[in-house]
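Everything on this sheet refers to the single structure shown next.
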Protein chains: 2
Amino acid sequence: MYRDRFSDKIKQYISEDEWIVAETEYNPRNNLMYETNFALASGMMGNRATHPEGFIRKELPANYVHGVFDRSEAFQRDLCNTPNWNLLKIYYKTEPIGPEAGQEIQDYIRILDLQHGFVATHYINVAYDGRKTLIESIKILSRTSPECGRFRYYITPLNYSGQLEFENIIDATVTNFMDFPRFRVKHLNTRQIGPLEDTGIFVQSETRDFLLPLTTVADVKATDSTGKDIIGSRQYRGHGEQAVEFFDAYVTENETISVDKFAAVVSGRDGGNTKVIAVEKLRSFMMRSLDQEIEMQKKIYASYWERAKIKIEGDPRLQLAVRFDLFHLMSTPNPKDNRTNIGAKLIHGEEYGGHAFWDTELFILPFFSLTFPEIAKNLVEYRYLLLDGARRNALKRGQIGARYPWESADTGDEECPDWTIEGDGTCYVCTVADQEVHVTADIIYGGLQYFLWTGDMEYYENNLLEMLAETARFWNSRIEYNKEKDYFEITGITGPDEWHEDVSNNAYTNYMARWNMLTAVKHLRKYYTEKTEKCKELFRKLSLNEAELEEIEKNANKIYIPISEGLIEQFEGYFNLIDHEIHEWDENNMPLLPKALKGIKRDKTTILKQADVVMLMFLFDEEFDENTKRKNFDYYERRTLHRSSLSPSIYCLMGLRVGESERAYDYLCRSAFVDIDNNQGNTREGIHAASAGGTWQALVFGYAGLKIKNDQLHFTPRIPEKWTKLSFSLFWKGDLIHIEISKDQVKIFSNKKELSYFVNDKEFKAEMVKK
Amino acid sequence: MYRDRFSDKIKQYISEDEWIVAETEYNPRNNLMYETNFALASGMMGNRATHPEGFIRKELPANYVHGVFDRSEAFQRDLCNTPNWNLLKIYYKTEPIGPEAGQEIQDYIRILDLQHGFVATHYINVAYDGRKTLIESIKILSRTSPECGRFRYYITPLNYSGQLEFENIIDATVTNFMDFPRFRVKHLNTRQIGPLEDTGIFVQSETRDFLLPLTTVADVKATDSTGKDIIGSRQYRGHGEQAVEFFDAYVTENETISVDKFAAVVSGRDGGNTKVIAVEKLRSFMMRSLDQEIEMQKKIYASYWERAKIKIEGDPRLQLAVRFDLFHLMSTPNPKDNRTNIGAKLIHGEEYGGHAFWDTELFILPFFSLTFPEIAKNLVEYRYLLLDGARRNALKRGQIGARYPWESADTGDEECPDWTIEGDGTCYVCTVADQEVHVTADIIYGGLQYFLWTGDMEYYENNLLEMLAETARFWNSRIEYNKEKDYFEITGITGPDEWHEDVSNNAYTNYMARWNMLTAVKHLRKYYTEKTEKCKELFRKLSLNEAELEEIEKNANKIYIPISEGLIEQFEGYFNLIDHEIHEWDENNMPLLPKALKGIKRDKTTILKQADVVMLMFLFDEEFDENTKRKNFDYYERRTLHRSSLSPSIYCLMGLRVGESERAYDYLCRSAFVDIDNNQGNTREGIHAASAGGTWQALVFGYAGLKIKNDQLHFTPRIPEKWTKLSFSLFWKGDLIHIEISKDQVKIFSNKKELSYFVNDKEFKAEMVKK
């Protein structure tokens, strides 16, 4: 057991190994990856797992707060790196103690406890003079007080006694892109630093563009084994943009002291005096003992896992990876905030500026809709709240209605720049914002799915219908009439596969546009019929009428969809590109570019970055026959390099549907292990949120084969040979039901006896939930 | 030859090994020592030898500017650490290149060229991906433009081509005592940072207490081997207190690029708009090529060595150490500034806050008086300019006249605090400022010696006489009449040996006080006789008259000097202390505390920290007979642990005088190698200035046995067996004369034929200097 490597003080809190992701030796080269993988999120903020002892040669300390964005010299509004409170330096005389300090590190282990939501560390630091110090620590971002985080050191001098010195630091010198000198940007100005009344320190910052205030406060406690306060010489120091509280403590050989750091971070997003609020939060947070905090943390995570539990019997490593994915996924969003979304890298890294992409609706949202519907509601409401941004975005590009941005931060404006600087300093004209228009339909697709799963009429009536109308209008203004061919087409766009930009009639996009328009017409008409008065109100608000719906419907039906003989052409002319199938795979079973295509520009070839047509077939499963799915899967799989982490889960899902179970399993693993194994090599930049959500979908929609048809649960289980059972929970009609799938049966446990469900189209009745 | 380790580009500049101090392998544990030993000084500022590539785990970067002091939370006015311009980071993608970056460092060597005054570095950085980069650099603090410093990198990618990225940084986050968290203090507030017009960056700071402004500016150039500008993507970035200029450059395998950084630092001490002046200095500095700069540097150092040259034939290691000592000593003071002095650690480290102690007058000044009299003049005028501070200091302690502070910065007030915090946080009541009163007489002794060597009448008339009068007055108000014994005594004081504090009638102090008083009376009377009108003017200014002189004289002659039977008691009661002689020495031949005294408080024993009575005998050689000297040397040497670096040189000098030549040589080495071997273990804190000056005195006054008697040069050579010759230059009556001493003769080469000198009291005539 990993926990046996820790002293009893920490061991008592740690779960069984099946809940533990462990870093079992210290290698500075892995730091940035573990900073991401062991980052914690409180719902309000995310804090990377840098070592709080400091003196690490290369690290990316970060504390992100949902909704705190700033642009300044960046190309887009970045989720700001706020002052680093995760710092408490330890010295013996002038010698620091930490993982990279002194002569050697022994017996290192760091673990993330997925069941309870904390990180614990253990190692022995050997100083140049032979002093050995055992450092253990445990860190929590409080789910109870999501503005707050804390960590405790247990420090034991193993072969000496003496005085240790400490620095409790809030470091406001941090930037975004700290190790990318070309892109490094400081998003917060430091307004004031200082001591708090009595004890502790503060830093008041503000974003540079909108002057959004943010206060970070921190304080410390230190006690000996009897609980006696041992802090000596406590003194405040202001060092430029670092607020520092110095203190010392006498330590005795083989006796353990504990040093606690507490911090609170409050932004001005909710109004009020951020410093006053932060101090209040901090002071009440500090009242709780570590035991109490962990107790509360355990309870909250127990309730989370009650919903998110997914058990795979037969592949423990996959089981752990899935838990890891879901842990980060469910830890990230703010349950109380519908003005923020989920970044493509969660709140665990800086890449993509913390922006929401289509990843939210098509990859992440289903997990939340089915397990945390109240969070899913925030996510879909976020899009409604930014509908005006989408309207501005449409107007800016010469269209009407609502055109959602490819990248969305806090204002709803397009954050994806029209040009950027590449790593080598050259200017890169970036057409994505202009061309990757499918995002608007993706968002509608996700919103409608959310409604279908949850039956949230309030959202449907107050938000979704308006979004449907406005997005249908957008598409109607975006499609182009081709007189010669007498159809509507969409030219100058990019589909999900980003290696083929500026194409015409991307099947995925055209299909989605048509679907979006027709779905809007269908729902608006239905609503008009069912709730005429309310619908009229909406029509008045939007200056909408049946004539416009008719035009939308008529035009939608004339949108060209490039399908011939069962093979869907990804876009017009794709089949004329240089074509070579993939025949080689690397040691991780990842496809390699066919040798014949080396040196040829990607967009001249049929090789894809990620699922495109296959994605379309996944979303509209019912609308394509078996043969078409099989044909297209085979064709495109042989041409897809999966250079986007959004690709494997979709290929897993479609692989299962077409009966390619072995390949599907490879894709499942690829998706599930993306960060735990750093298999895209960029985990340092954050957690691959879409992969995590896609993994969940692969299990639930793929291996369990769950679907809703006619408002009923249908299963088509595809349990692999090596598994004995797959079980999970989800919300259905307001009831948390539990599903257990073994090779020969599907059982549902529910509070409602009358619940019936279908397995391979045969009806069953739920069992009463075991109390 | 060390220079053979460098490429031709740098090799061409490097001197023969006899001028080279080399660091031949990279060990991070030695960094702080080499930062001091390889620090450069321009006369205006000092810059420690941190590696400008950055990413060093532990370092103490510092740039000190003479006269820029600040107190803030410190216990004294510290010489401020000003923004660090010695930084130019190099990246390949996100990977930094530097001594501690990447996988490995190969072929490392760094040298200090004592002849020409520059530092050069060479190493190969091996990145984690196997990329090898040869980095060579050469750094100069300009003697021609002493506000300016520059360094050049030669960068050669040995096995790759690609784009390097750079950050030209001025880092204003620096503090004093960076690695002492308990004492760390930020002395400068950052007022503004920004880009310069066209190219370059600036930081405007000010001291926190007196708001003295200081501007640091920097710019870069980069060229390929043809001299073509290769800077790309140059962009300014403001990161809090760091001004950063980003740029990139393409490098080709095995082709060398050069990257130059230039900086200028201007304080408000000389008035004017510091930013405007700094930019002017920078721009004109940048006009000079590296060749031109080195040419000028060589010329200036050649002229310095012409005066400071001292050649020891027969001990090359000692020769190098002496050169090293003199290089740092002569590089430090500002030749144009009589408002600054020389810190006890030169301008090479932060210990003692850059303050002047008695070290200046008794250890350092003789070297300057005899080789750089114009600098010596600044040093003695500094004390005159701060005479008002000394008057305040006397009044503060209830005395009159002028009482010089134990530690002197820019105001002349006492900088040695009455209490401080110890390393362990306890309060330490520090009696030194109150009790170590001998400093006032030491300063007068040094000033008079300066006058005797140089014959500087202007100083004598305008400065020294007034100082003599005021210090005599101070002593007259400080000495205490003992009615019972009918003599004056001085109680509650500390002599040079700081291990015995709060004693009475310290022989050294009483002797010096009497000397100071009587010397004042003698000189003032003589001056009254010779220049009555001018002297009357002085008397009027000071409200002084003959009656007061008479009283001073009378009292001085009644000061008790505790000498009995040839053995001088260090202070009253010293002979009653617990007494054990030293019988053991450590592996460095340093005396060890007698075992019998372990655990006994130091001040209860006769064991000394440093020369005290022996120092007195050194200063007043003529006033003690051979027997007394011998007796006291023997007695005290067996009781001195030399825990002050001021001690060995004095024991060397007195050892020679009493005929203990072997022990004297050990002391000489101890003094000469103190920093080059880090033999006190604290070289990280700066160069031991008094040791350097003491070493020079040991050679010139000890081994050459130089003295002035009746305004004539007298030599008593004591050339050790292993030397064949000792030669050096010095100023005598405005003439730079050259002295060569071999075992059997002393030769002087002079421009003045008529110069006669005495060797062992026999008269000789100088030879005409060889043209």
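For the stretch A:222-231, state whether one or more residues are within 14 Å of chain B (Cβ to nearest Cβ), out of contact with any Asp or Glu (no Cβ under 7 Å at 6 or more places or on another chain) and more than 26 Å from A:Met45 (Cα to Cα). Yes - at least one qualifying residue is present in the stretch A:222-231.
Out of the residues in the stretch B:160-179 meeting the condition of being away from chain A (no Cβ under 12 Å) and not in a strand (DSSP E or B), tell me which one is least open to solvent (accessible area, probe 1.4 Å). Reasoning before the result, please.
Step one: of the stretch B:160-179, the residues away from chain A (no Cβ under 12 Å) are B:160-161, B:170.
With not in a strand (DSSP E or B) added as a condition, the list becomes B:160-161.
Details: B:Tyr160: 17, B:Ser161: 50 Å².
Among those residues, the one meeting the criterion is B:Tyr160.
Applying the condition of being part of a loop (DSSP other than H, G, I, E, B) and open to solvent by 10 Å² or more (accessible area, probe 1.4 Å) to the stretch B:111-126 and asking which residue is farthest from B:Lys9 (Cα to Cα) yields B:Gln115.
For A:Asp625, the conditions (1) open to solvent by 30 Å² or more (accessible area, probe 1.4 Å); (2) touching a strand residue (DSSP E or B) at 6+ places or on another chain (Cβ under 6 Å) all hold with the exception of (2).
Could you say whether any residue in the stretch A:216-235 is open to solvent by less than 10 Å² (accessible area, probe 1.4 Å), in contact with a Pro (Cβ under 9 Å, 6 or more places away or on another chain) and more than 30 Å from A:Asn682 (Cβ to Cβ)?
Our first condition is that a residue be open to solvent by less than 10 Å² (accessible area, probe 1.4 Å); within the stretch A:216-235, this holds for A:216-220, A:222.
Restricting the remaining residues to those that are in contact with a Pro (Cβ under 9 Å, 6 or more places away or on another chain) gives A:216.
Then keep just the ones that are more than 30 Å from A:Asn682 (Cβ to Cβ); that gives none.
No: the stretch A:216-235 contains no residue that is open to solvent by less than 10 Å² (accessible area, probe 1.4 Å), in contact with a Pro (Cβ under 9 Å, 6 or more places away or on another chain) and more than 30 Å from A:Asn682 (Cβ to Cβ).
For the stretch A:710-766, a residue qualifies if it is in contact (Cβ under 8 Å) with a residue 12 or more places away in the chain, part of a strand (DSSP E or B) and exposed (fewer than 15 other Cβ atoms within 10 Å of the Cβ), and the qualifying residues are A:Gln712, A:Lys725, A:Asp735, A:Ser756, A:Lys765.
Of all residues in the stretch A:4-31, count the ones that are of a type in the set (D, E, K, R) and surrounded by 13 or more Cβ atoms within 10 Å (Cβ to Cβ).
Here the count works out to 5.
Residue under question is B:Tyr352, and the condition is that it be open to solvent by 10 Å² or more (accessible area, probe 1.4 Å), under 26 Å from B:Asn682 (Cβ atoms) and in a helix (DSSP H, G or I); does it hold? Judged against the criteria, B:Tyr352 is a match.
Conditions tested, residue by residue: (1) among the β-branched types (Val, Ile, Thr); (2) open to solvent by 30 Å² or more (accessible area, probe 1.4 Å).
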{"site": "A:Thr471", "(1), (2)": "yes, no"}
{"site": "A:Glu480", "(1), (2)": "no, yes"}
{"site": "A:Phe488", "(1), (2)": "no, no"}
{"site": "A:Gly495", "(1), (2)": "no, no"}
{"site": "A:Glu498", "(1), (2)": "no, yes"}
{"site": "A:Val503", "(1), (2)": "yes, no"}
{"site": "A:Tyr508", "(1), (2)": "no, no"}
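For the stretch A:61-88, how many residues meet the condition of being assigned to a loop (DSSP other than H, G, I, E, B) and in contact with a helix residue (DSSP H, G or I) (Cβ under 6 Å, 6 or more places away or on another chain)? So that I can check it myself, show each step before the final result.
Kept after step one, since they are assigned to a loop (DSSP other than H, G, I, E, B), are these residues of the stretch A:61-88: A:61-62, A:66-68, A:71-77, A:80-83, A:85-87.
Applying the additional criterion that residues be in contact with a helix residue (DSSP H, G or I) (Cβ under 6 Å, 6 or more places away or on another chain) yields A:67, A:76.
Result for the stretch A:61-88: 2.
In the set (1) more than 26 Å from A:Phe363 (Cα to Cα); (2) surrounded by fewer than 18 Cβ atoms within 10 Å (Cβ to Cβ); (3) hydrophobic (A, V, I, L, M, F, W, C), A:Leu524 fails one condition alone, (2).
Is one or more of the residues making up the stretch B:660-673 without any contact (Cβ under 8 Å) to a residue 60 or more places away in the chain and either β-branched (Val, Ile, Thr) or part of a loop (DSSP other than H, G, I, E, B) (or both)?
yes
To keep it simple, each residue is scored yes or no on (1) closer than 23 Å to A:Pro591 by Cα; (2) in contact with a His (Cβ under 9 Å, 6 or more places away or on another chain); (3) basic (Lys, Arg).
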residue	(1), (2), (3)
A:Tyr651	yes, yes, no
A:Ala664	yes, no, no
A:Ala689	yes, yes, no
A:Ala692	yes, yes, no
A:Lys707	no, yes, yes
A:Leu713	no, no, no
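Among the residues making up the stretch B:558-609, those that are farther than 15 Å from B:His642 by Cα, of a type in the set (D, E, K, R) and touching a Ser or Thr at 6+ places or on another chain (Cβ under 6 Å) are B:Glu572, B:Asp579. Quick check on B:Ile111: is it more than 22 Å from the chain's Cα centre (by Cα) and at pLDDT 95 or above? In short, no. In summary, B:Thr82 fulfils each of the numbered conditions (1) within 14 Å of chain A (Cβ to nearest Cβ); (2) within 25 Å of B:Ser161 (Cα to Cα) with the single exception of condition (2).
Just one residue in the set A:Lys281, A:Lys275 is surrounded by 17 or more Cβ atoms within 10 Å (Cβ to Cβ), outside any strand (DSSP E or B) and touching a Cys at 6+ places or on another chain (Cβ under 8 Å); that residue is A:Lys281. Just one residue in the set B:Ala308, B:Ala249 is buried (at least 19 other Cβ atoms within 10 Å of the Cβ) and either within 14 Å of another protein chain (Cβ to nearest Cβ) or among the hydroxyl-bearing types (Ser, Thr, Tyr) (or both); that residue is B:Ala249.
Of all the residues that make up the stretch A:4-21, how many are under 28 Å from the mean Cα position of the chain (by Cα) and in a helix (DSSP H, G or I)?
Within the stretch A:4-21, the subset under 28 Å from the mean Cα position of the chain (by Cα) is A:13-21.
Going one step further and asking which of them are in a helix (DSSP H, G or I), we end up with A:17-19.
Residues that pass the stated criteria total 3.
Answer yes or no: is there a residue in the stretch A:128-142 that is surrounded by fewer than 20 Cβ atoms within 10 Å (Cβ to Cβ), touching a helix residue (DSSP H, G or I) at 6+ places or on another chain (Cβ under 7 Å), within 11 Å of another protein chain (Cβ to nearest Cβ) and in contact (Cβ under 8 Å) with a residue 12 or more places away in the chain. Within the stretch A:128-142, one or more residues are surrounded by fewer than 20 Cβ atoms within 10 Å (Cβ to Cβ), touching a helix residue (DSSP H, G or I) at 6+ places or on another chain (Cβ under 7 Å), within 11 Å of another protein chain (Cβ to nearest Cβ) and in contact (Cβ under 8 Å) with a residue 12 or more places away in the chain.
Within the option set B:Tyr108, B:Tyr91, being part of a strand (DSSP E or B) and within 13 Å of chain A (Cβ to nearest Cβ) holds for one residue only, B:Tyr91. Looking at the stretch A:4-18, can you tell me whether even one residue there is modelled with pLDDT of 95 or more and under 25 Å from A:Lys345 (Cβ atoms)? For the stretch A:4-18, residues modelled with pLDDT of 95 or more and under 25 Å from A:Lys345 (Cβ atoms): absent. Screening the candidates A:Glu569, A:Glu537 for the property of being open to solvent by less than 50 Å² (accessible area, probe 1.4 Å), charged (D, E, K, R) and either without any contact (Cβ under 8 Å) to a residue 40 or more places away in the chain or in contact with a helix residue (DSSP H, G or I) (Cβ under 7 Å, 6 or more places away or on another chain) (or both) yields one hit, A:Glu569.
Here are some residues: A:Asn27, A:Asn63, A:Asn37. Which one is under 20 Å from the mean Cα position of the chain (by Cα) and either within 25 Å of A:Thr411 (Cβ to Cβ) or within 14 Å of chain B (Cβ to nearest Cβ) (or both)? Even if it seems obvious, please write down each step before you answer.
On the way: A:Asn27 fails: under 20 Å from the mean Cα position of the chain (by Cα); A:Asn37 fails: either within 25 Å of A:Thr411 (Cβ to Cβ) or within 14 Å of chain B (Cβ to nearest Cβ) (or both).
The conditions single out A:Asn63.
Of all the criteria given as (1) surrounded by fewer than 22 Cβ atoms within 10 Å (Cβ to Cβ); (2) in a loop (DSSP other than H, G, I, E, B); (3) on the phi < 0 side of the Ramachandran plot; (4) of a type in the set (A, V, I, L, M, F, W, C), the one not satisfied by A:Phe55 is (3). Filtering the stretch A:221-251 to residues that are of a type outside the set (Ser, Thr, Tyr) and assigned to a loop (DSSP other than H, G, I, E, B) leaves A:Asp224, A:Gly227, A:Lys228, A:Ile230, A:Ile231, A:Gly240, A:Glu241. Within the stretch B:180-207, the set of residues being within 13 Å of chain A (Cβ to nearest Cβ), open to solvent by 10 Å² or more (accessible area, probe 1.4 Å) and within 22 Å of B:Glu53 (Cα to Cα) comprises B:Ile193, B:Pro195.
The values are calculated or read from the model by the stated rules, or taken from the named source; none is laboratory data. Computed from a predicted structure; not experimentally measured. Reconstructed Cβ throughout: ideal geometry from the backbone, glycine too, with neighbour counts over all protein chains shown. Please note that ligands, DNA and RNA were not included when accessible areas were found on the heavy atoms of the full protein model with its side chains. Shrake-Rupley method; radii C 1.70, N 1.55, O 1.52, S 1.80 Å.
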